[in-house]
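Here the structure is laid out as C-alpha cells; the discussion comes afterwards.
The values are calculated or read from the model by the stated rules, or taken from the named source; none is laboratory data. This one's a predicted model, so the numbers in the text were calculated from it and none came from an experiment. Here Cβ is always computed from backbone atoms with ideal geometry, including for glycine, and neighbour counts include all displayed protein chains.
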Amino acid sequence: MADRIVQPGFAGGRPPPAAEPDRLPRWPARLQELCARLPPPGICAPPDALRGEIWLLLHSALSGYLHRHAIHLGAVPAEDLEDLAAEKSLDLLRRCEQGTWSLEGREPGEIAVYLSRAARNGLLDLRRRGHRRFTAGPTDEEEAPWDRSVAQNPGPGADAPDTGVERREFARALRTCAERLNARDRRIWFFRTFYEMSSKEIAAHPEVGLKAGHVDVLLQRCRQAIRTCLAGHGYAPGDMPRGVFGALWRAFHAGGREADGRDGHDD
Amino acid sequence: MTTDARCKREDGVPGFHLDEDLCLDLLHGLLDADARERALDHLAACPACDRLFQLRAAARERLRARPVPDAAALPGTAAAMPRGWRVVIGRPVIQRLATGLVAASVALLLLIGPGVRRAPLVQPLPWLPEIGHSIQARSSLAGAASVELSAGLDAYAAHDAGGAVRLLRRAQASGSLETVRKIYLGSALALEGRYEESVEVLRDTATPDLPDPWGSEVRWTLFVALRSAGYTADADSLWRVLRGEPGEVGERARRLAPY
C-alpha cells in the first residue's frame, strides 16, 4: 500500500495564510495557564485531566506547525508528521512537568514561536537523517485538503450559490435526523461519519467508554436510523456534499453541549 | 484568518480563511462568542476551510481516544508511548529489536524480582476516601440546603473534580457538614490544579483534630497545594510535621527529599 503523503496546509492553491493582523492566537495563553497549574516536580504527579489537556494542546499546536513548515521543507508522510508531533509534545510535556521548560512570564507570541521552531527543527532533523520518504517537492499522491477541496469545487468562488444552497439544505436535514439520536449514539455516529474513527478508537474515547463490539452494533442502528430519516427528506447518505461538517459541529459541539452530555436526550 | 476574495459569504461580507491557529482556538473553545460565530459562519460558506477544520477536529478526537503518554516512563520518547502507538512501527529492524529487548528485560525483572520493585516516588495526589453513608444520611436530614452538598460529594466520589468544585462552592452547610464541604472542596480544587484556591479553603480546615484517614490526607493535600502555590516556608513547616506521622502519609512525606 502506498504511503499516505500529505502536502499539508494551504500549499499550491493560494498563498499561505497570514494571521489576521489584529488577532493573536489564544491557545498559547491557555497553555501557559495550564502549565502554571502543574505541581512542582517531585511533590506529586499532576492530575491526569491536567496532563491530558496540556498534552492535547501541545500536540495539536505542534501538528499545526509541522503541517505549515512541511509546505516549505518538502512533502512528508502523514505518519511521520504524527510521529514528530507525538515525540515533541511528549518531550515538552515532560519538560513542563520537570520544571525545565517554564512558560512563566512568557508572551503568548514567544510560546508560539518556540513551538514553531521546535516543529521546524524536528522536520529539519528528519531531513538531515536522510529520511527515505522525505521528498523535495510536492507529491501528487495526496493533495492538500485545501487543494483537494478546491479541485473538487472549481470556479472562481469557493461557494457557488447552487452548491451553497444544496449544502445548507442537506446539512439542515442531516442535523434534524442526527438530533433524533440520543446523545451517546449521535456522538458515536459523528465520530465514525466525520472523523473516520475506528470502532476501537470510538470505544476508547472518554465520552464513549464502550466495547468495540457494542460500538459496531450502535453504529449499525444509527446508520439505519439516519438513512431512513434522510430518505424522508428526499436524500440518501451518499448525497452528502462537501462542507457540511462545520454546520454539524456547530450544532453538536460548539459551546460544549455535546461534550457535557446534557443535551436533553436519554442515553 | 486571512482574507480571500474567492471566499465571500453570500451576503457579500468577505470571509476569512481559517488558519491552524484559529482552528486550534475554535476546537479548544478559546474563542469568544462573536469570534466563534464568525469562524463558523465562514465554514458554512467555504468547503475548503470546512475540510481543514474537519481534519483537525478528527485528529483531536483521535488523540483524546488514546491514553495520555506516561511522561515518567523511560526517557526515550518512543518507549514512553502507550502500546500500539505507531511511533515504533516502521522504524529500522535493529531499533525495534532493541525496543523488544528492553521490554523483555523489564518483563523479566518484573517476573523474577518483584521484591526489587518500588513504589514510584511521585504519586498522583490521592482522592480523599468516600465520606460514607452515615454523613450522607446526616446531609440529607439537613434539608433542602444540603442537596448541592450531597450532589457535590457524589461528583467527588465519581472523581469529577470540576463538578465537585462547582457544586461544593454553591453548597450551604454548617457545623461539621461545613468541615466536610471544605475538605472535599479543597481536595477537588487541588485535584483540578487550582492550588491557590485550595490553600484558601484548607488552610484553616486541615487541623490536627480531623479524624484519619481524612485528617492526614487533607494535611497532605494542603502541603501539596502550599508547595505548588509557592508558599514554600509554610509547605516546609507542614512537611516536617507530616514526616513524623505514622502511616501512608508519613511514609509519603519521608520519601520526599528535603527541598
Of all helices (runs of 4 or more DSSP H) fully inside region B:189-259, the set with 3 or more residues that are of a type in the set (A, V, I, L, M, F, W, C) is B:195-202, B:214-229, B:232-243
- request: Consider residue A:241 carefully, then state whether it is under 23 Å from residue B:48 (Cα atoms), surrounded by fewer than 18 Cβ atoms within 10 Å (Cβ to Cβ) and within 14 Å of another protein chain (Cβ to nearest Cβ).
  value: yes
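Which residues, counting only those in region A:65-80, are under 18 Å from residue B:52 (Cα atoms) and either acidic (Asp, Glu) or in contact with a Lys or Arg (Cβ under 8 Å, 6 or more places away or on another chain) (or both)?
Within region A:65-80, A:65, A:69, A:76, A:77, A:78, A:79 qualify.
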How many residues of region A:85-104 are outside any loop (DSSP other than H, G, I, E, B) and more than 16 Å from the chain's Cα centre (by Cα)? The answer is 11
Out of (1) at pLDDT below 90; (2) more than 7 Å from every other protein chain (Cβ to nearest Cβ); (3) assigned to a helix (DSSP H, G or I); (4) surrounded by 19 or more Cβ atoms within 10 Å (Cβ to Cβ), the one residue B:15 does not meet is (3)
(1) part of a loop (DSSP other than H, G, I, E, B); (2) at pLDDT below 70 all hold for residue B:68 apart from (2)
- Item | Test for residue A:56: is it facing chain B (nearest Cβ under 9 Å), among the hydrophobic types (A, V, I, L, M, F, W, C), more than 20 Å from residue B:228 (Cβ to Cβ) and in contact with a Lys or Arg (Cβ under 7 Å, 6 or more places away or on another chain) | yes
Turns out the helices (runs of 4 or more DSSP H) fully within region A:121-211 with at least 3 residues that are away from every other protein chain (no Cβ under 11 Å), surrounded by 14 or more Cβ atoms within 10 Å (Cβ to Cβ) and modelled with pLDDT of 85 or more are A:161-179, A:183-195
Residues of region B:32-55 being more than 7 Å from every other protein chain (Cβ to nearest Cβ) and surrounded by fewer than 22 Cβ atoms within 10 Å (Cβ to Cβ), in sequence order, are B:32, B:33, B:34, B:35, B:37, B:38, B:41
